[in-house]
Amino acid sequence: MTQTTHDHVASLVGSFDPADFVVPTGREEQWRFTPLRRTGGLVDGTAVSGAGISLTVEAPEGVTTQHVDSSDAQAVLLGAPTDRAAALAINRAESTTVVTIAADAQLDEPVWIKCVGSDATTAAFAHVVIDVKPFAQATIVIDRTGSTHISDVVDVKVGDGAHVTIVSLQDWAADTVHLGHQRHLVGRDASVKSVIITLGGSLVRLVPTVAYDAPGGSAEMFGLFFAGNGQHLEHRLFVDHAVPNCTSRVTYKGALQGTEAQPSHSVWIGDVLIRAAAVGTDTYEINRNLVLTDFARADSVPNLEIETGEVAGAGHASATGRFDDEQLFYLQTRGIPAEEARRLVVRGFFHEILQQIGIEQLQARLVARVEAELEGHGV
Amino acid sequence: MSILEVRDLHVSVDADGESRQILRGVDLTVKAGETHAIMGPNGSGKSTLAYSIAGHPKYTVESGSITLDGADVLAMSVDERARAGMFLAMQYPVEIPGVSVSNFLRTAATAIRGEAPKLRTWVKEVRETMEQLAMDPSFAERNVNEGFSGGEKKRHEILQMELLKPKIALLDEIDSGLDVDALRYVSEGVNRLAATGETGLLLITHYTRILKYIQPDFVHVFVDGVIAASGGKDLADELEASGYEKYQKSGSSA
């Protein structure tokens, strides 16, 4: 029998103690796609900690940054993790970085959290808590570059009436292994827009989750990944609707290219649970994957579980394929040569997500990054 | 003066591994300045004719010829046909996520005209054409056909047609799904192009409704993959009154 969303997510009990979780074997629903042997001890906990990353926060006025013990009340703002890797990340992080955005603050500059890896031979663990106080408006960029083996947890609390855009960028070097959790807790009438862009790294496995603290919350989750050259890029989303009248939109797009020697693999899991109490929920999730070459595999699994009859809307879609011939035909009937039509379609495919970022300078950098990837493969 | 000539065209389509004959010998001549209406019941193959002329890869031309001003259209790729002067307005225009209308229009105009249009005159040209079609300027910044209503999609097709100024325009059910206002704007666009005398129009339609707005010079009844009858505007009036039955019966007994 197929395991449902509810069975494998909601029944999990949270704990800050990694020992409360069994070491996964790879047969578990949560881990079945992940090449555990490539995780370098980040999951079983055998990894030796080093000084492989530097984490800095650049923020405008209205933002404070502190480093606290992982048992501090500010560090446990979002409660216990329900995953061994996340528990380990919090447990073994030297400290928890707490970024607080003051109530009513309207930041005109983004907060940049720069995570730079410098050593892929030892492990790094990190825990960041972003506490957005009520009615604040902020954009936060988590910019990850360099070589490292890292497991991290980013917790985002969106206070009542606050509006947050959080862009997390995985622009890692080719040898990086990154296991990450990004948890969002959305307050009353608050909104969060998450844009997750994963381009670099050998193995990247991210778990973005959304929970709602009170009615009226909204979450928009955008994602873009480009898997090539033997990369394993995995995004497992979980949106937990447990209170009434909240909305969620999940839009993830991926492109893949591989070679016989270096096949690439992407995984997208979209779990959405609408609990009995969550009447008036409006949710839609979609994943599109563009397979550019042979030797590329995309797994795409939307799971929608509904426990109430009174939803405003609930749907999902998933499609993985080569170029859409009808799009190419349409462009060609306008005189655009086949090659140029393909370029337009692929760039458009990426642009749809990149245009969500809203930070010109970052957008330009990513367009250039994607362009370089495509050029390298003659697309 | 451009001329499109279709001669004894036989076309099949692959469906579930089986080849199915759709067009069974179509003869048609469309000259610049003429407006032809092709009318027929669902499944008669009239849309297949448009897509075959445009070069959709789904259709296989078994025999016959298509020429534009004497040049062999069947030997051309889809984009070459467009650059030779052919335009297809689709019944269901395709969404292209992440590509803005303005980028799309300029790329198409550059391809068709052989050089990038001068920015200043181009912007004006697009704006004026959009105004005539009652399209909001913000339309240009939206992604191609994404989230467009039925009427917006068809107006966008006509916008492209007016900007690209084809020698031959094939309009596949341009009237389907339009409310009266949208139908009027679309028809006005078609009539503006027809009035130049530079374009031959082939209007494919299921209903006679649009012929209240666009006057055809020729009407063809399309049944079972062939043109069963041709005539003037009065033929459309007859179809309006008595339907396709007469032609379907004679088609099946032949």
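The values are calculated or read from the model by the stated rules, or taken from the named source; none is laboratory data. Keep in mind that this is a model prediction, so the values were computed, not measured. So basically every Cβ, Gly included, is an ideal-geometry build from the backbone, and we count neighbours across all protein chains shown. Heads up: the accessible areas ignore ligands, DNA and RNA and are worked out on the full protein's heavy atoms, side chains in. Shrake-Rupley method; radii C 1.70, N 1.55, O 1.52, S 1.80 Å.
Counting only residues that are open to solvent by 70 Å² or more (accessible area, probe 1.4 Å) and either in a strand (DSSP E or B) or among the hydrophobic types (A, V, I, L, M, F, W, C) (or both), how many does the range B:1-29 have?
Result for the range B:1-29: 9.
Applying the selection to the range A:216-229, what residues are touching a residue at least 60 places away in the same chain (Cβ under 8 Å) and in a loop (DSSP other than H, G, I, E, B)?
Hit for the range A:216-229 is A:228, nothing else.
For the range A:230-243, how many residues meet the condition of being in a loop (DSSP other than H, G, I, E, B) and within 18 Å of the chain's Cα centre (by Cα)?
Matching residues across the range A:230-243 total 1.
Could you check how many residues of the range A:92-123 are open to solvent by less than 40 Å² (accessible area, probe 1.4 Å) and in contact with a helix residue (DSSP H, G or I) (Cβ under 9 Å, 6 or more places away or on another chain)?
3
Against the conditions (1) buried (at least 24 other Cβ atoms within 10 Å of the Cβ); (2) in contact with a Phe, Trp or Tyr (Cβ under 8 Å, 6 or more places away or on another chain), where does residue A:179 fall short? Just the number, please.
All conditions are met except number (2).
Taking the criterion of being aliphatic (A, V, I, L, M), touching a residue at least 24 places away in the same chain (Cβ under 8 Å) and buried (at least 24 other Cβ atoms within 10 Å of the Cβ), would at least one residue in the range A:145-153 satisfy it?
Looking through the range A:145-153, at least one residue is aliphatic (A, V, I, L, M), touching a residue at least 24 places away in the same chain (Cβ under 8 Å) and buried (at least 24 other Cβ atoms within 10 Å of the Cβ).
Residues that are modelled with pLDDT of 95 or more and over 24 Å from residue B:148 (Cα atoms), at least 3 per element: which strands (runs of 3 or more DSSP E) completely within the range B:165-254 meet that?
B:200-205, B:218-223, B:226-231
Starting from residues that are in contact (Cβ under 8 Å) with a residue 24 or more places away in the chain and in a helix (DSSP H, G or I), keep the ones in the range A:355-370 and report whichever is nearest to the other protein chains (Cβ to nearest Cβ).
Checked the range A:355-370; the qualifying residue nearest to the other protein chains (Cβ to nearest Cβ) is A:370.
Just to be sure before I move on: is residue A:167 open to solvent by less than 10 Å² (accessible area, probe 1.4 Å), in a strand (DSSP E or B) and farther than 30 Å from residue A:371 by Cα in the structure I sent?
So residue A:167 does not fit the description; no.
Which of the residues that make up the range B:178-233 are more than 19 Å from residue B:3 (Cα to Cα), open to solvent by less than 40 Å² (accessible area, probe 1.4 Å) and in contact with a Lys or Arg (Cβ under 8 Å, 6 or more places away or on another chain)?
If the condition is that a residue be more than 19 Å from residue B:3 (Cα to Cα), open to solvent by less than 40 Å² (accessible area, probe 1.4 Å) and in contact with a Lys or Arg (Cβ under 8 Å, 6 or more places away or on another chain), then B:178, B:182, B:183, B:186, B:189, B:211, B:222, B:225 are the ones that fit.
May I ask you to list the residues in the range A:60-75 that are open to solvent by 50 Å² or more (accessible area, probe 1.4 Å), assigned to a loop (DSSP other than H, G, I, E, B) and more than 12 Å from residue A:93 (Cα to Cα)?
Listed by number, the residues that qualify are A:61, A:72, A:73, A:74.
On the basis of being away from every other protein chain (no Cβ under 14 Å) and either in contact (Cβ under 8 Å) with a residue 24 or more places away in the chain or in contact with an Asp or Glu (Cβ under 6 Å, 6 or more places away or on another chain) (or both), does residue B:17 make the cut?
no
Does residue A:80 qualify as being open to solvent by 50 Å² or more (accessible area, probe 1.4 Å), among the hydrophobic types (A, V, I, L, M, F, W, C) and under 23 Å from residue A:14 (Cβ atoms)?
Spelling it out, it is not the case that residue A:80 is open to solvent by 50 Å² or more (accessible area, probe 1.4 Å), among the hydrophobic types (A, V, I, L, M, F, W, C) and under 23 Å from residue A:14 (Cβ atoms).
From the list B:162, B:141, B:128, which residue is among the charged types (D, E, K, R) and open to solvent by less than 50 Å² (accessible area, probe 1.4 Å)?
Result: B:162 is the single residue among B:162, B:141, B:128 that is among the charged types (D, E, K, R) and open to solvent by less than 50 Å² (accessible area, probe 1.4 Å).
Consider only pairs whose beta carbons are under 6 Å apart and that are at least six residues apart or on different chains; among these, list those whose first residue lies in the range A:279-303 and is within 17 Å of residue A:219 (Cα to Cα) and touching a residue at least 40 places away in the same chain (Cβ under 8 Å) and whose second residue is among the β-branched types (Val, Ile, Thr) and part of a loop (DSSP other than H, G, I, E, B).
A:281/A:311
Which of the residues that make up the range A:29-38 are open to solvent by less than 60 Å² (accessible area, probe 1.4 Å) and either farther than 26 Å from residue A:184 by Cβ or in contact with a helix residue (DSSP H, G or I) (Cβ under 8 Å, 6 or more places away or on another chain) (or both)?
A:29, A:30, A:35, A:36
Open to solvent by less than 60 Å² (accessible area, probe 1.4 Å), within 27 Å of residue B:2 (Cα to Cα), β-branched (Val, Ile, Thr) and touching a residue at least 60 places away in the same chain (Cβ under 8 Å): is that true of residue B:112 in this structure?
When the stated conditions are applied, residue B:112 does not pass them.
Being touching a His at 6+ places or on another chain (Cβ under 8 Å), open to solvent by 10 Å² or more (accessible area, probe 1.4 Å) and closer than 17 Å to residue A:332 by Cα narrows it down to one residue among B:94, B:101, B:78; which is it?
Every option except B:78 fails the conditions.
Which one of the conditions (1) open to solvent by 60 Å² or more (accessible area, probe 1.4 Å); (2) more than 20 Å from the chain's Cα centre (by Cα); (3) under 27 Å from residue B:181 (Cβ atoms) does residue B:239 fail to meet, given that it meets all the rest?
(1)
Scan (1) in a helix (DSSP H, G or I); (2) open to solvent by 20 Å² or more (accessible area, probe 1.4 Å); (3) in contact (Cβ under 8 Å) with a residue 12 or more places away in the chain; (4) aliphatic (A, V, I, L, M) for the single condition residue B:123 breaks and write down its number.
(3)
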